[in-house]
């Protein structure tokens, strides 16, 4: 069905459900002779996997994967690449209690209205577990981008009202040194404490992730409807629980004057064509050679460990009880997902740019 594929030239199609046999992805358009680093795939899957710390869902998945096609003797063949990640720790019985009811702020109701039925076991296809396939594909995209000296880094910059102080010098290499994935150690401690408190109270909290693409050449992106930042926005907004997307100055631009916001050109530095970067590395929908920077906002996870009163179609009141294994805050595990979607978008546009030159 429509909606399960992303990209034009570097194109992925994902499949599978949260409580099915497993999930997978088919990558079409990846150039031949790309050396595949399975350790990189494994690394990113481990960063996304459940059960990795006390502040995430305790579902235990090893995230082992099998490459079924498209790779021979450690290199891509140019044919479709098929990666499969089996499920091994489903607890479908945890969802029996919501078989005939709709959870607040989940896709239960909308899927039922669209398809006439739904997979209530963890949300089926609408579950955030679907993103494991994207992360596997994103690792392949990162390998391709690395050949062109393009790197992608993402980190948690806010949880609830706690955010990295303005002016803090960010070192992306510190992102994975703590379980929150915030590169500022002091802020990370505050975030972790907040998440633990929220979890203890049976509630959830939202957060934000910053993503930066370094080394992207000028010229990526298409006119009008296929602008690079529009495709990045679609990529990020397709991630479960995402409610907002900003590029460059984002909503801060509302309060700025044109004289403050304009990125003045200065070609004395060949690596940085503009003095400031309020545009976020994209102007007119096309990359300008500056770092591409975006920010992604995540809502609180919808399943909370508290009783909630709902009314069904017959006007009868029911109490929804939060059960199962869920994240009190999704952003620590969402960092590799954001990186993956950025990598897939940039890889797709890089192939288009190479064709147009």
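If I stretch the segment between residue 355 and residue 189 completely, what's the gain in nm (0.36 nm per residue apart, minus their alpha carbon distance), one decimal?
That pair, residue 355 and residue 189, stretches by 55.1 nm at full extension.
With springs only between Cα atoms under 10 Å, which of 189, 260, 314 fluctuates most in a Gaussian network model of the chain?
Among 189, 260, 314, the largest mean-square fluctuation in the Gaussian network model of the chain belongs to 314.
Using the Kirkwood formula over every pair of different C-alpha atoms, what hydrodynamic radius in Å results for the range 313-357?
This gives a value of 14.9 Å.
How big is the range 5-356 by Rg and Dmax over its Cα atoms, in Å?
20.9, 70
Only counting other Cβ atoms within 10 Å, I'd like 339, 255 sorted with the fewest neighbours first.
The order, fewest Cβ neighbours first, is 255, 339.
How fast does the range 99-200 diffuse by Stokes-Einstein, in µm²/s, taking the Kirkwood radius from C-alpha pairs at 10 °C and 1.306 mPa s?
My calculation gives 93 µm²/s for D.
Tilt of helix 331-356 relative to the longest C-alpha principal axis of the chain, in degrees (0 to 90, nearest 10)?
On a 0 to 90 degree scale, this one is about 40.
What is the Cα coordinate range of the range 178-318 on the first, second and third principal axes, sorted by size from largest, in whole angstrom?
66, 42, 28
Obtain the nm distance between the two label points defined at residue 319 and residue 110 by a simple spin-label model: each point lies 7 Å from its Cα along the Cα-to-C-beta direction.
Roughly 3.0 nm, to one decimal.
Can you work out the FRET efficiency for the pair residue 256 and residue 226, with r the C-beta to C-beta distance and R0 = 41 Å, to the nearest 0.05?
0.90
If each residue of separation counts as 0.36 nm, what is the full-extension length gain between residue 299 and residue 266 once their alpha-carbon separation is subtracted?
8.0 nm
Only the coordinates and a few stated rules stand behind these numbers; no lab work does. These numbers come from a predicted model, not from an experiment. As a convention, Cβ positions derive from the backbone with ideal geometry for all residues, glycine included, and neighbour counts pool all protein chains shown.
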